[in-house]
Amino acid sequence: MEARFGPAGNAQAFADAGFKATVDAPRWLSTLGLDAYEYQCGRGVNVGEETAAKIGAQAAAHGVAMSIHTPYFINLSSDETVRMEKNAGYVLASCRVAKAMGATRLTVHCGGQGKLSRARALANTSKNLRNILSLMEQEGFGSLTLCLETMGKQSVIGSAEEVCALVAQDDRLLPCIDFGHLNARTQGRYNSREAFAGLFDLMENTIGVARTRVFHSHFSKIEYGEKGEKRHLTFADTVYGPDFAPVAALAAERGYTPTFICESAGTQAADAVTMKQLYEGARQK
Ligand SMILES: [Zn+2]
């Protein structure tokens, strides 16, 4: 397996080049040397299976690995039965799209702590995940991987430690390390070689080296305040970070081959190209 790079959704440059339909995205990305694409179902699963299959065929033809971002309104920390049944339904609907698109990975947000204690919210998340994984198995989606995302606000479950502990429970899970989110929720502490080395050590020690090598990730620079994430920026930012260079250097040194999805605001394809260059440059050292 090789590291993969690509954007989340369609970049401004894609629209500027005259494209409207996502079915054209894989070919366009391959001309940039990119080989991953995360399809956005954040606001709901609104794509038909026929369209999804067409996008999947183009992705396969152009060597682009697809992943799906499940709806943002999923909240795995809840213990309300009706809510959890709905959440499971959204994940299964996302799995149907993933199958049609040939995607093997789905990213999912854990959810806010709300009025629950942190321990209770985490216990609920663990239980809800087990339930969703067994439903996926029953519905024929047992080969798909759920990628639990590290989140940008302290009030939301999703520190590196929390995500690794949850992911360690089942082989059908992987972490989606969102470096910008980690940096935002800690007011800039995840922006150095030392911090990233500590993160990778934590991952190896909790989920094992083999799964750490192929982790899923989101990367963008993100503006933050006291409570964490405010908004996604582009690589033009020089204030907030994080920088991708130390991530690329460490991943290359350790022989990791993650999938890196760039979530820059509008420049996600061009910035993914920069990320790929940094990683490949580091591999040649
Ligand atoms: Zn996300």
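Condition first: hydrophobic (A, V, I, L, M, F, W, C), farther than 22 Å from V163 by Cα and surrounded by fewer than 24 Cβ atoms within 10 Å (Cβ to Cβ). Now tell me which residues in the range 217-272 satisfy that. Can you show your working first?
We begin by selecting, within the range 217-272, every residue hydrophobic (A, V, I, L, M, F, W, C); these are 219, 222, 233, 235-236, 239, 244-245, 247-252, 260-262, 265, 269-270, 272.
Subsequent filtering for residues that are farther than 22 Å from V163 by Cα retains 233, 235-236, 239, 245, 249, 252, 265, 269-270, 272.
Across the range 217-272, the qualifying residues are L233, F235, A236, V239, A245, A249, A252, A265, A270.
May I ask you to verify whether M151 is assigned to a helix (DSSP H, G or I), of a type outside the set (D, E) and buried (at least 17 other Cβ atoms within 10 Å of the Cβ)?
Considered against the rule, which asks whether it is assigned to a helix (DSSP H, G or I), of a type outside the set (D, E) and buried (at least 17 other Cβ atoms within 10 Å of the Cβ), M151 comes out as no.
Based on this model, can you work out whether T206 counts as surrounded by 17 or more Cβ atoms within 10 Å (Cβ to Cβ), within 16 Å of the ligand (Cβ to nearest atom) and either under 23 Å from L133 (Cα atoms) or among the aromatic types (F, W, Y) (or both)?
Working: surrounded by 17 or more Cβ atoms within 10 Å (Cβ to Cβ): yes; within 16 Å of the ligand (Cβ to nearest atom): no; either under 23 Å from L133 (Cα atoms) or among the aromatic types (F, W, Y) (or both): yes.
So T206 fails the test.
Checking the conditions here, which among D16, D79 is closer than 30 Å to R120 by Cα and more than 15 Å from the ligand (Cβ to nearest atom)?
Working: D16 fails: closer than 30 Å to R120 by Cα.
Of D16, D79, the one residue that is closer than 30 Å to R120 by Cα and more than 15 Å from the ligand (Cβ to nearest atom) is D79.
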>> I'm trying to understand the selection: among the residues of the range 100-126, which are touching a helix residue (DSSP H, G or I) at 6+ places or on another chain (Cβ under 9 Å), of a type outside the set (G, A, S), surrounded by fewer than 20 Cβ atoms within 10 Å (Cβ to Cβ) and part of a helix (DSSP H, G or I)?
In response: R118, L122
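Any residue that is in a helix (DSSP H, G or I), surrounded by fewer than 22 Cβ atoms within 10 Å (Cβ to Cβ), touching a residue at least 24 places away in the same chain (Cβ under 8 Å) and over 17 Å from the mean Cα position of the chain (by Cα) - is there at least one of those in the range 63-71? Full working, then the answer.
At the first step, the residues of the range 63-71 found to be in a helix (DSSP H, G or I) are none.
Checking the range 63-71: not a single residue is in a helix (DSSP H, G or I), surrounded by fewer than 22 Cβ atoms within 10 Å (Cβ to Cβ), touching a residue at least 24 places away in the same chain (Cβ under 8 Å) and over 17 Å from the mean Cα position of the chain (by Cα).
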>> Looking at the range 1-55 only, could you name the residues that are closer than 30 Å to A210 by Cβ and of a type in the set (S, T, Y)?
In response: S30, Y37, Y39
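Every read-out reported here was derived from the displayed coordinates using simple, explicitly stated rules and does not represent laboratory data. For clarity, every value in this text was computed on a predicted model and none was experimentally measured. Note that we place each Cβ from the backbone using ideal geometry, even for glycine, and neighbour counts take in every protein chain shown.
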